[in-house]
Amino acid sequence: MENILDRFLRYVAVETTSDENSESQPSAAREWDLLKMLRDELAALGVDVTLDEFGYVMASIPSNIDKKVPAIGFIAHVDTAPDASGKDVKPQIIKNYDGGEIALGGVPGLFLKPSEFPEMLHYKGQTLITTDGTTLLGADDKAGVAEIMNAVQYIVEHPEFKHGPIKIGFTPDEEIGRGVVKFDVPRFGADFAYTMDGGEIGELEYENFNAASAKIQIQGRNVHPGSAKGKMRNAILIATELNGLLPVEQRPEYTEGYEGFFHLIAFNGSVENASIAYIIRDHDREKFEQKKALMTQVCDFINVKYGPGTATLALKDQYYNMREQVEPHFHVVEKAIKAIEMAGIKPKVQPIRGGTDGANLSFKGLPCPNIFAGGLNFHGKMEFVPLESIEKASEVILNIIKLYAE
């Protein structure tokens, strides 16, 4: 078998940043590079696999047991977040991590520090894979991709391993909220599935945020500053005023657990025009709707103060909390908990402060909790993943398959 570390390093070397400004699917042509690679690797293993026009890799391994058991799917996304560069990723391999600071060699003076990220100390003595400080790493979700592919290779090369029907899916564009918009659940053929897209080792999530995006265009009026009195409307200042009307305590940096937020993710503009963008999140559906209503009220206030058409709001739901879809099939959670325990890991069942393809898949009729992929500090240059966590996640996949085959 290929070493799982080598497999992971091969995958992160492929640039797959998705593009939220593109209307195509996949949103960026570069995503096809890894999707085609995965299709070809699965075919080389003798697995029945397809890659469709929307960028969905779907593969199927038939049951090798006599009794009928549910078809279980495992899904990961190939794209990386646009928040940081995913080009020319140069991972650092830190063997037998000693608990100290790690220099990120691509940027002089930049360190991954336990004083800032104390969870690093949970992995003393392990092998850490970090960035070099110039890009993200891509463990979100190429760790998940590697874990699934490693499990597939094990199953193919060990015919004595007993299993029911297994379905494999790789998707584009998860990071921009469009990962499974055109995913054909009946064609995929799974009864239940798991996304391998969580964080630290042991994490298991079947609750996620309700999510919406808010894009606001501010129309100002530019007049020469020498004669601007009573005439100029500075779109930049109006945009900052609008942001100030939202509750400060509901920003991501002040929230945790089940607390939702308004997150300002982009701000561009001039005196004449400005644009601001938010993501809106809350686990509670009622509070989620209240947040969207508040965003609308804030824009209405700006339009009353400065005139109609000053603030134009485009508000769009992205995904919803999967809990209501998963709980009626709670065995998928119970099986995952047991599989994690079988790997010698203490399960950490918690809500996702984010979302996964599994949320939308659950609402498409495929109950789909989320299992740890092992990485930390996703979407930025401080991202890292312990090798041992990747190995354990792949073991959990095999354990789930075993449990459903019993």
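The values are calculated or read from the model by the stated rules, or taken from the named source; none is laboratory data. All values derive from a computational prediction rather than experimental measurement. Ideal geometry is used to build each Cβ from the backbone, glycine not excepted, and the neighbour counts take in all protein chains shown. Heads up: the accessible areas ignore ligands, DNA and RNA and are worked out on the full protein's heavy atoms, side chains in. Shrake-Rupley method; radii C 1.70, N 1.55, O 1.52, S 1.80 Å.
Side notes on the structure shown:
- Counting only alpha carbon atoms, the long axis of helix 235-244 and the longest principal axis of the chain meet at about 60°.
- Peptide ranges 136-142, 360-366 listed from the most packed, as the mean C-beta count within 10 angstrom indicates: 136-142, 360-366
- Selected from ILE345, GLN325, VAL69, residue furthest toward positive end of dipole (the chain; charges at beta carbon): GLN325
- Within the chain, helix-based [θ] at 222 nm, where runs of 4 or more DSSP H residues each add -39,500 (n - 2.57), nearest 500: -9000 deg cm²/dmol
- Annotation: TYR97 carries an accessible surface of approximately 10 Å², with a 1.4 Å probe and no ligand, DNA or RNA atoms counted.
- Taking a quarter of the surface of the Cα convex hull of segment 1-97 gives a mean projected area of 9.2 nm².
- Simple spin-label estimate for LYS95 and TYR258 in nanometres, 7 Å along Cα-Cβ: 4.7 nm
- When the C-alpha to C-alpha distance is required to be over 24 Å, the pairs from LYS335/LYS364; LYS36/LYS381; LYS67/LYS346; LYS124/LYS381; LYS142/LYS291 that qualify are LYS36/LYS381; LYS67/LYS346; LYS142/LYS291.
- Rounded percent of accessible protein surface that carbon and sulfur make up, segment 223-374, 1.4 Å probe: 53 percent
- Cα-based reach from LYS287 at 22 Å (exclusive), listing lysines while leaving out same-chain residues under 8 positions away: LYS215, LYS316
- About the Cα centre, charge dipole magnitude for segment 102-173 (Lys/Arg +1, Asp/Glu -1 at Cβ), debye: 140 debye
- Accessible area per residue in Å² at 1.4 Å probe, computed on the chain: 42 Å²
- Two-site FRET efficiency, ARG251 against GLU160, from Cβ-Cβ distance with R₀ of 56 Å, rounded to 0.05: 0.55
- A Förster distance of 45 Å, applied to the separation of the beta-carbon atoms of GLU388 and ASN64, puts the FRET efficiency at 0.95.
- DSSP-defined antiparallel bridges as percent of all bridges, the chain, nearest 5: 75 percent
- Spin-label model distance (nm) - LEU9 vs GLU324, 7 Å beyond Cα toward Cβ: 4.7 nm
- On full extension, the segment bounded by LEU294 and ALA44 gains 84.7 nm, given 0.36 nm per residue less the C-alpha separation.
- Angle in degrees between helix 139-157 and the longest Cα principal axis of the chain, rounded to the nearest 10: 20 degrees
- In the chain, the longest principal axis of the Cα atoms and the axis of helix 285-306 are about 20 degrees apart.
- Efficiency of FRET from Cβ geometry, PHE117 and GLU53, R₀ 51 Å, rounded to 0.05: 0.80
- Taking the Cα centre of the chain as reference, the dipole from Cβ charges on Lys and Arg (+1) and Asp and Glu (-1) amounts to some 1000 debye.
- Spin-label pair ALA314/TRP32, simplified geometry with 7 Å Cα→Cβ offset, distance in nm: 2.5 nm
- Note: segment 145-207, Cα convex hull, 133 Å³ per residue.
- Calculated SAXS-style log₁₀ I(q)/I(0) at q = 0.08, 0.12 Å⁻¹ - the chain, Debye, Cα scatterers: -0.46, -0.97
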